[in-house]
Amino acid sequence: MNSESKENGVDQIESIGFSDWFSIEIEDFVNKVEGLIDTVPIVMSMVESRLKSNLGKYEEFKREGIVEDVEEERMVKIKLENFSEYKKVNRTIQASKTAYHIIPRNFIVSLVSSYDAYLGNLIKLIFNVYPDKLNQSEKQLTFSELSQFEDLDEARDFIIEKEIETVLRKSHHEQIKWLENKLSMPLRKGLEIYPTFIEVTERRNLFVHTDGIVSRQYLKVCLDHKVKLDKNLSIDDSLGASPIYIKKAANAIFEMGVKLGHVIWRKLLPNELKKADSELNNLCYELMYYGDYELAQKILKFGFEELKKYGNQDTKLTMCINYALSFYLDGKYGMCNNILDQNDWSATKDKFQLAVAVLKKDYESAVSFMRKIGPNNDEVNPVSYMEWPLFDDFRKYDLFKEVYKEIYEKEFQIMDREPKNFVKLMNRIEGKYEEE
């Protein structure tokens, strides 16, 4: 990151390319969260397979042993020549059961740790984009500390590191309050996911410090933030991390991180809205492409209903189409139509009118717009028709295939889209747990 310019003007900020850094940080955070989600069910599946295998061996030892009733307790005597192998198998079974218990918890810990590292990077960006924000820091250097640095830039970087360390040592609620104060803007207003986010971070603290045993602090913080807890939950109860909970926690951290990054990006770089809008649309497209409609709906609601400014009208309309599409793909056609009806599409570009026609299942109008768009459009091309989830239903019809062939002079080929592995694996493993 180039921080040579000490000016605060927008032109200097844009020339440095800080908008690219926001894009990189958000993408890196998203990749880490998705990487964790991918990994957990795969690891759990391996543990499950190992456990099943060893339980089979254990039952075989029991079948070959001698069953006796000793003092009203049924016991199995293992053959002496099998005893060493029996002990190994039994130990492996216990280790697998422990892993079944620990791995989901460690996922929550890693999930929150990824968010913390991301938040530290966002704070560093704030100070680099607006160095004047650092002047408000209460950090002080002694003369001996100052003498160790070669120049003021090195001293400044040191203070930034210390400021970030101080913020990250605060509770997650205090971190958000710190950001609100530093940026002079509300971050929690209308943020429905906030109580869930706070509960996840507090449960992470339990996993790290109390082995998941509920504390007074956990209950107090959850109460303060109106977290919906089990009415029977009390101090000294043990909390875990079922697949259902893991999905909820991952979505909460994902949503919180993405929204926070985009709000800060737009606040600090108001002339970079077009790039920010494009990145948000692309992210939601990926979520829909792999079938994560619920999360896409939450992010798109934020983009379409809560953000008040956009880079241009095309970007806003694209976000509206994607928002409607997220409900269409989820089978919620009424919601899809309600969103579309908020705009007058009659004077918009052909690509938007094509999308609206498809979403309203007006396929006669849709093929008319396909013909108007033609074969040489950069925004709607053969790849669009093959990959864009908008056309998932439409391209199954002969009418679509006929017009596609008419436009491109070749047969249309359907590209199957496989959901991410974690979706299938989590659904299979999920039945083995009760929701925590």
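The values are calculated or read from the model by the stated rules, or taken from the named source; none is laboratory data. Since we're looking at a predicted model, the values are computed, not measured. Positions of Cβ are generated from backbone atoms using ideal geometry, with glycine treated the same way; all protein chains shown enter the neighbour counts. Please note that ligands, DNA and RNA were not included when accessible areas were found on the heavy atoms of the full protein model with its side chains. Shrake-Rupley method; radii C 1.70, N 1.55, O 1.52, S 1.80 Å.
Computed values, structure above
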quantity	calculated
Extreme residue, positive dipole direction of the stretch 224-377, given options L283, P270, M335 (C-beta unit charges)	P270
Calculated SAXS-style log₁₀ I(q)/I(0) at q = 0.19, 0.32 Å⁻¹ - the stretch 282-327, Debye, Cα scatterers	-0.50, -1.20
Virtual spin-label span in nm between E305 and K57, 7 Å along Cα→Cβ	5.5
Area accessible to solvent at E60, 1.4 Å probe radius, in Å²	90
Inter-label distance for L229 and N312, nm, one decimal - labels placed 7 Å from Cα along Cα-to-Cβ	5.1
Bins of 10 Å from zero: percent of alpha-carbon pairs in the stretch 236-383	10, 35, 33, 15, 5, 1, 0
For K259, solvent-accessible area (1.4 Å; no DNA, RNA or ligand), Å²	20
Sequence of K228, K57 when ordered by accessible area, the most exposed leading, probe 1.4 angstrom	K228, K57
Ellipsoid equivalent to the stretch 344-410 - semi-axes via the Cα gyration tensor, in Å	17, 14, 11
Entries of K351/K372; K124/K162; K247/K332 with Cα pairs more than 18 Å apart	K247/K332
Extended-chain gain in nm, criterion 0.36 nm per residue less alpha-carbon gap, V43 and D341	102.8 nm
Inter-label distance, nm, simple model (7 Å from Cα along the C-beta direction), I159/A117	2.8
Principal axis dimensions, largest first and in whole angstrom, of the stretch 242-317 by Cα	43, 24, 17
Rounded FRET efficiency, nearest 0.05, which uses the C-beta distance separating I244 from I213 and R0 of 25 Å	0.75
Peptides 305-311, 333-339 ordered by average Cβ neighbours within 10 Å, highest first	333-339, 305-311
Per-bin percent of Cα-Cα distances, the stretch 328-376 [5 Å]	5, 21, 29, 23, 14, 6, 2
